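One structure is given below, encoded as structure tokens.
Bear in mind these aren't lab numbers, they're just calculated from the coordinates by the rules spelled out. All values reported here derive from a predicted model rather than from experimental measurement. With ideal geometry, Cβ positions are generated from the backbone for all residues, glycine too; neighbour counts draw on all protein chains shown.
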Amino acid sequence: MIVCEGKAVCAITYHLDPDGPEGKLIGVAVHAIFVDDKFIKFIPWGTTPEDVPCFFGRSRAGPMKVGDRVRLMRALEAAPVAIEDLRREATSTFAVPEQSDWGLTAAMLVLSPVLAVLAAQAPKAPTDDDHLRNAALRDQFNAARLDIGMTQAEVEAVLEAKPLEAGNVDAGSYKIYGSDKSFNVDFWLHYSNVLVVFREGRVTVVNSIDARAGWRSALGRTFDDLARPAAK
């Protein structure tokens, strides 16, 4: 969320999971664009560096500055995607062939001892505790609860937290709210930390940022003016 030409422009990314949160299918991602709290359109996930990039995590268009407005301005200009187009994409993506391939079945039987070893070495499945603790932080640090124009006191009352880090960039004074905890859950389900920029004591930028292990280094690769943590 950011102020563009006096209006609050917000992009929220939705990911549609075809077979549940632990499913293996890729699914469909889409950005919902809002202006001054009014829904405007859906736009598709970017496919080239010139397209509107992923707003969550590192952009494929390369590092940017905190408070960069170019990507959200592109989002305002981007052609909308129709619900029917999304439905067709979801249907083709989610479809699972029902035929049997006997050659593949035979190959799988031969390889089954190897696959069993690989399965034993695979990352452990998330536990109920992983999901419960992650869900609590996901709810607490939900950036969509914040609004442009809030004061720091209002932000901290909503998030029920003090900043992990604070400093200054060209866009204003920034604060990062969240946790250093990381959970063994799916990327799309993992909670996010929140980057907030204040100018003259009021919120002008809100970003959800990756909170998985190594999140601070990843943040420096996303925003090159946050390449190093602020000195404490």
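Brief remarks follow.
- Virtual spin-label span in nm between S173 and A82, 7 Å along Cα→Cβ: 5.0 nm
- Loop-located GluC sites (Glu not before Pro) in segment 124-208 (DSSP state other than H, G, I, E, B) with a sparse environment of at most 16 neighbouring Cβ atoms within 10 Å: E160, E200.
- Between E165 and I176, the built amide H atoms are under 5 Å apart, and every one of these is 5 or more places off in sequence or on another chain.
- Applied to segment 199-215, the Karplus parametrisation 6.51 cos²θ - 1.76 cosθ + 1.60 on θ = phi - 60° returns per-residue 3J(HN,Hα) values of 9, 6, x, 10, 5, 10, 9, 9, 10, 6, 10, 3, 10, 6, 3, x, 4 Hz, with x for Gly and Pro.
- The length gained by stretching the chain between F187 and C4 to full extension, at 0.36 nm per residue less their Cα-Cα distance, is 62.9 nm.
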